[in-house]
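First up is the structure itself, then whatever we jot down about it.
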Amino acid sequence: MAALQRSVVSPAGRHTASLIFLHGSGGTGQGVRTWIKQILNQDMAFQHIKVIYPTAPARPYTPMKGATSTVWFDRYKISNDCPEHIESIDSMCQGLSDLINDEIKNGITKDRILIGTHERGVDALSSQTADLHSVYTSEFMQ
């Protein structure tokens with residue numbers, strides 16, 4: 001898998017932690033960064049935390065009758081009683097794993113990496129990836 005495109009807000013000081021913030025279905029990293037900037041009237045920026053907004057690769061999306069969309073994983077349908085498409089979650093975990101490993105190679109320890117999202121549907125991916133790497137996950141702005 002090719003490296004995920006990303007929009008990054010660098011820390012103002014020494015980089016000691018990273019927040020990987022995932023967009024919702026059909027969005028982009030730059031799009032969610034812009035949305036947060038509109039809410040806060042500034043970038044979500046910190047003295048020591050790098051904020052990374054990756055963009056999901058375009059893929060066929062079953063709920064849109066197979067149309068291409070930037071989604072983290074496919075779904076059989078959008079419903080609370082429908083299981084997630086595990087195979088596509090597993091493949092996307094690898095892309096996020098590469099991103100986490102890049103941060104670790106840059107000296108950030110696992111306990112200083114957080115995966116966040118504002119969309120409930122992305123929780124399955126962020127939770128599975130976080131469990132795989134023993135990093136933290138959280139859903140923001142519910």
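The values are calculated or read from the model by the stated rules, or taken from the named source; none is laboratory data. If you're wondering where the values come from, they're calculated on a predicted model, not measured in any experiment. Reconstructed Cβ throughout: ideal geometry from the backbone, glycine too, with neighbour counts over all protein chains shown. Note: areas computed on protein heavy atoms with side chains; ligands, DNA, RNA excluded. Shrake-Rupley method; radii C 1.70, N 1.55, O 1.52, S 1.80 Å.
Points to keep in mind about this one:
- Electrostatic tally near residue 30: other residues with Cβ closer than 15 Å to its Cβ, Lys and Arg +1, Asp and Glu -1, net +2.
- Residue ranking by accessible heavy-atom surface, 1.4 Å probe, largest first, among 23, 15 comes out as 15, 23.
- Per residue accessible area of segment 1-109, 1.4 Å probe, in Å²: 53
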